[in-house]
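Asker: Quick one: this structure, given as structure tokens, is what I'll be asking you about.
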């Protein structure tokens, strides 16, 4: 069975003598539960593994009961330490406050309980961690699978990765595209929106948010003002609502809205967003055309390649802690700007027959980036870029 790099990190953490709270967050079906299954097979420690996804009630009583069950198991086996694992923790109301109380009670009794919390709603997890568990936790973000991981696990080509994306659970279905698309739409898209957003967050216009998601996938890689979005969506909402919904879709690992690169925060936040999917499967699954037909059309295929590169960047931005932007000034544009530790790298994507608006020279003149890189055509092959950890560009 293929093992992601997070497994060794967790094994090392569990082997440490001190207690910890480790929060593992990431989109649905990227292998969080599989990771834990592999973990408990490789350690000799007693453990208690439960999931809140299987329960109807979401109050804190269930969480307290599971914690007590872990304590009882620890006492029963006279175990010096025990690993408690709770999946889909964000479903429990006020989970972070309850975890804090239980954790602090164990601290007073010097009970060596080690805790791993898993969840698929990054927004709710981060909110709880900031508000209640400051100084008591470390977190790990598990993003969508990279090209290298899909290639190693399923022997995929770069072209297959561009079209079918990074969902390992759907990999076995790609020979039947109709079935594959139905699986992605129903088990991934619909489940992520309904369980990770609508059930957990107030959304006054769920139909508008779903249409925004569909439009964002259609326009992935393109810049669109919120005013134009409202016109396309034919809704009497407002730009603040759309911005909020786009943020919710982003935290669920579905669709992001990149900000324009600027030297001041106000100009960044006032910019029109550039749509970017977190996984190209979200585009392909909603299209009527199939893999072979799109791959044979250079313009359409070029847009898919650019979205795959953007997805590669947006996922690594979360794991490697860099910030991802675009830049555009009048008729000049740079596809992606990445920024980390005061260093800036500008990326221009030229794939297939796509024609890009020239902008790198203007960006260099105005901002003097540390590095510029052309991906595709006469630059670095896009297939190689998909194997690169973008943080290496800051070296």
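The values are calculated or read from the model by the stated rules, or taken from the named source; none is laboratory data. Since this is a predicted model, take the numbers as computed values, not measurements. Cβ coordinates were reconstructed from backbone atoms using ideal geometry, including for glycine residues, and neighbour counts include every protein chain displayed.
Asker: Suppose we filter 76, 94, 65 for residues that are more than 28 Å from residue 15 (Cβ to Cβ), surrounded by fewer than 18 Cβ atoms within 10 Å (Cβ to Cβ), out of contact with any helix residue (DSSP H, G or I) (no Cβ under 9 Å at 6 or more places or on another chain) and not assigned by TED's automatic domain parsing to the domain that holds residue 197; which single one remains? Reasoning before the result, please.
Answerer: Working: 76 fails: more than 28 Å from residue 15 (Cβ to Cβ); 94 fails: out of contact with any helix residue (DSSP H, G or I) (no Cβ under 9 Å at 6 or more places or on another chain).
Exactly one residue qualifies, and that residue is 65.
Asker: Residue 122 passes all but one of (1) in the same structural domain as residue 34 (by TED's automatic domain parsing); (2) touching a residue at least 24 places away in the same chain (Cβ under 8 Å); (3) more than 23 Å from residue 309 (Cα to Cα); which number fails?
Answerer: Answer for residue 122: the failing condition is (3).
Rundown of residues vs (1) within 21 Å of residue 224 (Cβ to Cβ); (2) assigned by TED's automatic domain parsing to the domain that holds residue 262; (3) surrounded by fewer than 17 Cβ atoms within 10 Å (Cβ to Cβ), yes/no style:
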position	(1), (2), (3)
314	yes, yes, no
323	yes, yes, yes
330	yes, yes, yes
345	no, yes, no
348	yes, yes, no
359	yes, yes, no
374	no, yes, yes
378	no, yes, yes
387	no, yes, yes
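Asker: Can you name the residue in the range 117-137 that is surrounded by 17 or more Cβ atoms within 10 Å (Cβ to Cβ) and farther than 19 Å from residue 58 by Cα and is also modelled with the lowest pLDDT among such residues?
Answerer: 133
Asker: Any residue at all in the range 26-46 that is buried (at least 16 other Cβ atoms within 10 Å of the Cβ) and under 14 Å from residue 112 (Cα atoms)?
Answerer: yes
Asker: Let me ask you something else. How about the range 243-323: which helices (runs of 4 or more DSSP H) wholly inside it have at least 3 residues that are within 18 Å of the chain's Cα centre (by Cα)? Show your work before the answer.
Answerer: Details: elements: 265-269, 281-284, 291-295, 298-320.
Once the helices (runs of 4 or more DSSP H) in the range 243-323 are filtered for at least 3 residues that are within 18 Å of the chain's Cα centre (by Cα), what remains is 281-284, 298-320.
Asker: Given the conditions (1) crowded, with 16+ Cβ neighbours inside 10 Å; (2) at pLDDT 90 or above; (3) farther than 29 Å from residue 25 by Cβ, which single one is not true for residue 235?
Answerer: So residue 235 meets the others, but not (2).
Asker: Identify all residues within the range 377-395 that are within 25 Å of the chain's Cα centre (by Cα) and touching a residue at least 24 places away in the same chain (Cβ under 8 Å); write none if there are none.
Answerer: Looking only at the range 377-395, we keep the residues that are within 25 Å of the chain's Cα centre (by Cα), and these are 381-395.
Passing the criteria: 382, 383, 385, 386, 387, 389, 390, 391, 393, 394.
Asker: Quick one: what pairs do we get from the range 316-330, first residue within 15 Å of residue 26 (Cα to Cα), second in a strand (DSSP E or B), C-beta under 6 Å, 6+ apart or different chains?
Answerer: 317/324; 318/141; 319/141
Asker: Further, regarding this structure: What is the one condition in (1) at pLDDT 95 or above; (2) not assigned by TED's automatic domain parsing to the domain that holds residue 27 that residue 83 does not satisfy?
Answerer: (2)
Asker: Would you check if there is a residue in the range 268-277 being surrounded by fewer than 20 Cβ atoms within 10 Å (Cβ to Cβ) and either under 22 Å from residue 180 (Cα atoms) or at pLDDT 95 or above (or both)?
Answerer: Checked against the condition, which is being surrounded by fewer than 20 Cβ atoms within 10 Å (Cβ to Cβ) and either under 22 Å from residue 180 (Cα atoms) or at pLDDT 95 or above (or both), the range 268-277 yields no hits at all.
Asker: Here's a follow-up. Keeping to the range 138-156, report how many residues are without any contact (Cβ under 8 Å) to a residue 24 or more places away in the chain, crowded, with 18+ Cβ neighbours inside 10 Å and part of a helix (DSSP H, G or I).
Answerer: 1
Asker: Another one. Considering (1) out of contact with any helix residue (DSSP H, G or I) (no Cβ under 9 Å at 6 or more places or on another chain); (2) free of Cβ contacts under 8 Å to residues at least 60 places away in the same chain; (3) within 22 Å of residue 275 (Cα to Cα), say which one residue 342 fails and leave the rest.
Answerer: Status for residue 342: all satisfied but (3).
Asker: Does the range 1-33 hold any residues that are more than 25 Å from residue 106 (Cα to Cα), without any contact (Cβ under 8 Å) to a residue 40 or more places away in the chain and in a helix (DSSP H, G or I), and which are they? Steps first, answer last, please.
Answerer: From the range 1-33, those more than 25 Å from residue 106 (Cα to Cα) are 1-8, 26-33; that's our starting set.
Going one step further and asking which of them are without any contact (Cβ under 8 Å) to a residue 40 or more places away in the chain, we end up with 1, 3, 5, 7-8.
Listed by number, the residues that qualify are 7, 8.
Asker: Restricting to the range 193-218, what's the tally of residues that are surrounded by fewer than 21 Cβ atoms within 10 Å (Cβ to Cβ) and closer than 16 Å to residue 287 by Cα?
Answerer: Count: 5.
Asker: Residue 368: on the phi > 0 side of the Ramachandran plot and surrounded by 13 or more Cβ atoms within 10 Å (Cβ to Cβ), yes or no? Quick ask: steps written out before the conclusion?
Answerer: On the way: on the phi > 0 side of the Ramachandran plot: yes; surrounded by 13 or more Cβ atoms within 10 Å (Cβ to Cβ): no.
When the stated conditions are applied, residue 368 does not pass them.
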